[in-house]
Each structure stands twice: as structure tokens, then as C-alpha cells.
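In what follows, a structure is listed as C-alpha cells, so that the remarks can point back to it.
The values are calculated or read from the model by the stated rules, or taken from the named source; none is laboratory data. Every value quoted in this text rests on a predicted model; they were computed, and no experiment measured them. Glycine also receives a Cβ, built like all others from the backbone with ideal geometry; neighbour counts cover every protein chain displayed. We work out accessible area using only protein heavy atoms, side chains counted, and drop any ligands, DNA or RNA first. Shrake-Rupley method; radii C 1.70, N 1.55, O 1.52, S 1.80 Å.
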Amino acid sequence: MKISFLCGPERLNEFHRPALVVAHPGHELKVFGWLQANTPRVYVLTDGSGGGTPRLASTAKLLNQAGAISDEVFRAISDAEIYCSILQKQTAIFLGIVDALAASFVGNGIDFVAGDAAEGFNPTHDICRALVNAAVAIAQHATGRTIANYEFCLTEWEQHCLEIHDQRCLHLRLEDGLLRRKLRSAAEYTELKQEIEQAIALRGEEYFRVECLRKIGDSFPEPEPAPKPYYEVFGETRVAQGKYESVIRYEQHMLPILKAVRAHALEITTVSDTLLTSTVAAGQPLLL
């Protein structure tokens, strides 16, 4: 596969069983080159139907062409269900996804995970990152093996963010043929036509030649109050337009879920190794 390693804290050839975890189908396009070169096991949390049309079929087609494997955690919940679960702070749903991810990581010997970054743009993206961090921590404790945990941004052009690259970033450069395939696959992903055209208009095709995965540190910091995220501002506009009934708030809705996910992982990682290994490897719920 025509892809070059430019820099990073680790080389990809150190890992043999990678995984990709995304909140919505279509996110895999952002790391298309890495996906093609590494054929990971793929986990998609929702069906991507927030815009009205589910996107799983398009992602399934793309993954099949790449030779990637769809895990059982593939469309764990619909977009409408996850937004309702956030508003109602139904933490049990999210803890169940954490346990399912951890069980799969253990059962499939996953040693490298790439997933959505928390950017304050979409609440489901941010929750996905928290679920991945928790599942990685649980799986590492169960197996005694280190699992490399990386994130990638999805919306830097939407928020006009200043991009920061440092020693935690793993950069991959796509050669011309692979870049053309990436752009062609994006153009054929009809459900994301508007978003893809906007991204290319703002950044240009060449921007998508280099893919950046940023390594997550080993720490598991306590979620704290934060400035109003973009999704709150967007939600307020939608409510005013009569298109949404409620606004998902970070402190009111998200923060309790993020804290519960973190507490769940911390509690599980204090369980004896024997009990945890047998329970997680069997794919059974972890009852504490």
C-alpha cells in the first residue's frame, strides 16, 4: 500500500491487531490510508441516521473493499437513541458499550486502537472518545498488555481550529494513487456529500494527503466543567428554529455520563485479575 510513515511516537509495524472505533459511519474516511494499509477490526457506535438517512451500508461497502472486519459492536445504537440516552443520562447504556468494546479488545487481541477525538463539536463523538479510553483501560488491565490508544480529529475545518502537532502525533503520507482513491471514495459516499464538499472547499484536496493520529496519554483525568461547546450553540439555534426539542448541555447531560464512564473503568480495574480476565474474556457484563 502506497503510504509513508513520516513521524510518530511508535511505528505502525510494531502492531499486528489494530482496531478503529468511530461514533458515526463515514468517520473512517478521515483515516482512509491507515485503514487501507492496516485493515483493522472496525466498531461503529451508531447508524449515522442523524441527518435522516442511515449510513451503515456505505461504510460496510467501504470496509469490505478495504478488507477490514466489522465487529459485533457495529451500530450499537441509533442516533436518535443515543441523543435520547444523553438527554436522559441513561448511563447504563454507555457502560454496556464500554464492556462490549473491552470484551472484544481482549477476545481479539487488539493492540492498537484509533478512534474519534473529543472536539466539543458533536456529543456522540466526545462520548465515543470516553468509551474508547475506558475500554482500553479495562482491556489492558484484563490482559496485562499495553494497547496503544490514538485519536484523530474530524471537524477542524468546521470550527476553524488552530491545529497543533507535537511529539504525540503519528503522521502518515499518502502517495498520489492512494490519495486519489481516498478522494474518490469520499465523493462516492453520497450521504456525506455536503460535508465532504465543504471540507475540500475549505482545506483543498492536498490537505487530506497526510493523516494524523495523536497518541492518548496513560492518564485518565477527571472530567471537569468546560466552556460552552459548539454542539450547545448549534443546539440552541436548532431549538429556536423549532427543529430540536431540547439542547444537549455539557454540564447538565454530558458531564454526569463522562464521570460515570470513568468511574466504571476505575472500579473495574481494581477487581482481581482472575475475576476480570474470566468475565471480560467471556463477554459477560461486569457486575460490581
Q. So for the chain, taking the charge dipole from beta-carbon charges (+1 Lys/Arg, -1 Asp/Glu), which of PRO229, ALA92, ALA19 sits furthest toward the positive end?
A. ALA19
Q.
With a 1.4 Å probe and all protein chains kept in place, how much accessible area does GLU14 have, in Å² rounded to the nearest 10?
A. 100
(Q) Could you order the peptides 207-213, 191-197 from most to least packed, using the average number of other C-beta atoms within 10 Å per residue? (A) 207-213, 191-197
Q | MRE, 222 nm, helices only [DSSP H, n ≥ 4, -39500 (n - 2.57), over the chain, to nearest 500] | A | -13500 deg cm²/dmol
Q) If you roll a 1.4 Å probe over the heavy atoms of the protein chains, what accessible area per residue do you get for the chain, in Å²? A) 47
Q.
Which order do you get for CYS169, CYS84 if you rank them by accessible area with a 1.4 Å probe, largest at the top?
A. CYS84, CYS169
(Q) Over 10 Å intervals from 0, what percent of Cα-Cα pairs in segment 126-171 sits in each interval? (A) 21, 40, 31, 9, 0
(Q) Sort 32-41, 72-81 by packing, meaning the average of other beta carbons within 10 Å per residue, with the highest value first. (A) 32-41, 72-81
Q. So between ILE164 and GLU222, what do we pick up on full extension, going 0.36 nm a residue minus the alpha carbon distance?
A. 18.6 nm
Q: With a ≥ b ≥ c taken as the square roots of the eigenvalues of the C-alpha gyration tensor of segment 16-144, please select rounded if a/c is under 1.5 and otherwise prolate if a/b is larger than b/c or oblate if it is not?
A: oblate
Q) If the viscosity is 1.306 mPa s and the temperature 10 °C, what Stokes-Einstein diffusion coefficient in µm²/s follows for segment 102-195 when Rh is the Kirkwood radius over Cα pairs? A) 101
**Q.** DSSP-defined antiparallel bridges as percent of all bridges, the chain, nearest 5
**A.** 40
Q. When the accessible area of the chain is computed with all protein chains present and a 1.4 Å probe, what percentage of it is carbon and sulfur?
A. 51
Q: Please compute the net charge surrounding GLY51, taking Lys and Arg as +1 and Asp and Glu as -1 over other residues with Cβ under 14 Å from its Cβ.
A: 0
Q: Name the residues whose placed amide hydrogens come within less than 5 Å of the amide hydrogen of GLU10, ignoring near sequence neighbours (fewer than 5 apart) on the same chain.
A: none
**Q.** Choice from ASP116, ASP176, ASP99 with maximal GNM fluctuation in the chain (Cα, 10 Å cutoff)
**A.** ASP176
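Classify the chain as rounded, prolate or oblate, taking a ≥ b ≥ c as the square roots of the eigenvalues of its Cα gyration tensor: rounded when a/c is under 1.5, otherwise prolate if a/b is larger than b/c and oblate if not. Don't skip to the answer; put the middle values down first.
Numbers: a/c = 1.57, a/b = 1.09, b/c = 1.44.
In terms of gyration-tensor shape, oblate.
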Q. Once amide H atoms are built 1.01 Å from N in the peptide plane, which residues 5 or more positions from ASN149, or in another chain, come under 5 Å H to H?
A. VAL113, ILE216
Q) With charges set only on the Cβ (+1 for Lys and Arg, -1 for Asp and Glu), what does the dipole of segment 1-58 come to about its Cα centre, in debye to the nearest 20? A) 100
Q | For LEU20, net neighbour charge (Lys/Arg +1, Asp/Glu -1) across residues whose Cβ lies under 14 Å away | A | -2
